[in-house]
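The values are calculated or read from the model by the stated rules, or taken from the named source; none is laboratory data. No experiment lies behind these values; they were computed from the predicted model shown. With ideal geometry, Cβ positions are generated from the backbone for all residues, glycine too; neighbour counts draw on all protein chains shown.
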Ligand SMILES: NC(=O)c1ccc[n+]([C@@H]2O[C@H](COP(=O)([O-])OP(=O)(O)OC[C@H]3O[C@@H](n4cnc5c(N)ncnc54)[C@H](O)[C@@H]3O)[C@@H](O)[C@H]2O)c1
């Protein structure tokens, strides 16, 4: 029987790619998104790429007044499971507005858990983050590494992981995959969906891309005095399509009847510095990327990259696309949609 999957935050950057891969795997999808950081147009593009329709509920998962409607819709949809991506994700904003972050991110997760329970669906794949490791481990980081986030955003990820583990402990019918993403970049190779931040980008790649396309003058490189090969921060960039396929692999794993909760890194296992990423983007775009070195940003760490062997072992998944493909695809999306979804 066709599996029916709820994708919260399905209109967002990662969510739109997850929806395309889920549809390609033959599953049906219900997107639940309040469009607070995404565009309705993304849903149309998902359908265009998949050549079939998705259901979509515009709703705020953290709003108590909307909870009953959300629970009922997920029940009527006949969900078998969910990929949970809805939430707020700006680290700096989370430091300034911690209560809003806890309320939104944790509230949204609790509503989804209630809805899945009501629908008798017991599989959930959660968008966690490498930020749960803080700066506590040697590289490459394994899932057994120490956790300890350095900001409220990261703590919401840790708390939700723990909530889902408690749910799985309380009822052995639940299967949970907490996917700890490293740094998702790139876009679908068609150039039709990609990252379109509403405000000033917090992440490196959308910033570089907006400089390359002329929307911003200069990139700020936060610190070149880290203990890394060129002094700039090193991260494990992962192509968003590889990442999306990791979600399908996780759902396949849970569909095979695996229960309980697992934490799994999704990364490539390879780190690149900011300056290496800038150089690769320059090659892919053939554009100049002027930058200034500015002081370190609070909460940033020198270097982190994944040990990605658990995903291979449990899900049979590994990342396939290299940094050049990430840059080429990210650039195609930016060049063909210079203003994102605002045509
Ligand atoms: N992009 C990254 O670097 C990264 C890294 C690790 C983890 N994550 C996590 O992955 C998830 C998706 O990230 P993204 O980069 O696609 O972000 P995004 O902002 O593009 O997507 C999040 C989506 O959730 C929706 N949303 C937010 N609050 C909501 C609410 N209360 N109810 C319903 N919908 C709501 C937004 O409108 C958006 O469409 C997030 O949970 C994020 O924390 C992202």
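Assessment of region 84-91 against the conditions (within 26 Å of residue 172 (Cβ to Cβ), near the ligand (Cβ under 9 Å from one of its atoms) and modelled with pLDDT of 95 or more) yields at least one matching residue. Of all the numbered requirements in (1) more than 11 Å from the ligand (Cβ to nearest atom); (2) surrounded by fewer than 17 Cβ atoms within 10 Å (Cβ to Cβ); (3) at pLDDT 95 or above; (4) assigned to a helix (DSSP H, G or I), residue 115 misses one, and that requirement is (2).
Select from region 20-33 the residues that are farther than 21 Å from residue 198 by Cβ, out of contact with any strand residue (DSSP E or B) (no Cβ under 6 Å at 6 or more places or on another chain) and within 14 Å of the ligand (Cβ to nearest atom) and list them in ascending order. 20, 21, listed by residue number. Within region 312-321, count every residue that is in a loop (DSSP other than H, G, I, E, B) and either within 18 Å of the chain's Cα centre (by Cα) or within 13 Å of residue 267 (Cβ to Cβ) (or both). Total meeting the criteria: 5.
Residues that are closer than 23 Å to residue 36 by Cα and either crowded, with 19+ Cβ neighbours inside 10 Å or out of contact with any helix residue (DSSP H, G or I) (no Cβ under 9 Å at 6 or more places or on another chain) (or both) within region 202-221 comprise 203, 204, 205, 206, 207, 209, 210, listed in sequence order. If you go through region 232-272 and keep only what is surrounded by fewer than 21 Cβ atoms within 10 Å (Cβ to Cβ), closer than 24 Å to residue 209 by Cα and in contact with a strand residue (DSSP E or B) (Cβ under 8 Å, 6 or more places away or on another chain), you end up with just 269.
With respect to residue 292, determine if the residue is surrounded by fewer than 18 Cβ atoms within 10 Å (Cβ to Cβ) and not in a loop (DSSP other than H, G, I, E, B). In short, yes. Only one of the numbered conditions (1) within 16 Å of residue 12 (Cβ to Cβ); (2) part of a helix (DSSP H, G or I); (3) in contact with a strand residue (DSSP E or B) (Cβ under 8 Å, 6 or more places away or on another chain) is not met by residue 206, and that is (3). Restricting 106, 46, 74 to residues that are surrounded by fewer than 24 Cβ atoms within 10 Å (Cβ to Cβ), assigned to a helix (DSSP H, G or I) and either near the ligand (Cβ under 9 Å from one of its atoms) or in contact (Cβ under 8 Å) with a residue 40 or more places away in the chain (or both) narrows the list to 106. Have a look at 94, 36 and point out the one that is surrounded by fewer than 18 Cβ atoms within 10 Å (Cβ to Cβ) and either near the ligand (Cβ under 9 Å from one of its atoms) or in contact (Cβ under 8 Å) with a residue 24 or more places away in the chain (or both). Answer to the check: 36. Across region 209-226, the number of residues qualifying as touching a strand residue (DSSP E or B) at 6+ places or on another chain (Cβ under 8 Å) and either at positive phi or part of a loop (DSSP other than H, G, I, E, B) (or both) comes to 4.
For region 127-169, a residue qualifies if it is assigned to a loop (DSSP other than H, G, I, E, B) and either within 15 Å of the ligand (Cβ to nearest atom) or closer than 19 Å to residue 250 by Cβ (or both), and the qualifying residues are 134, 142, 143, 144, 147, 149, 150, 151.
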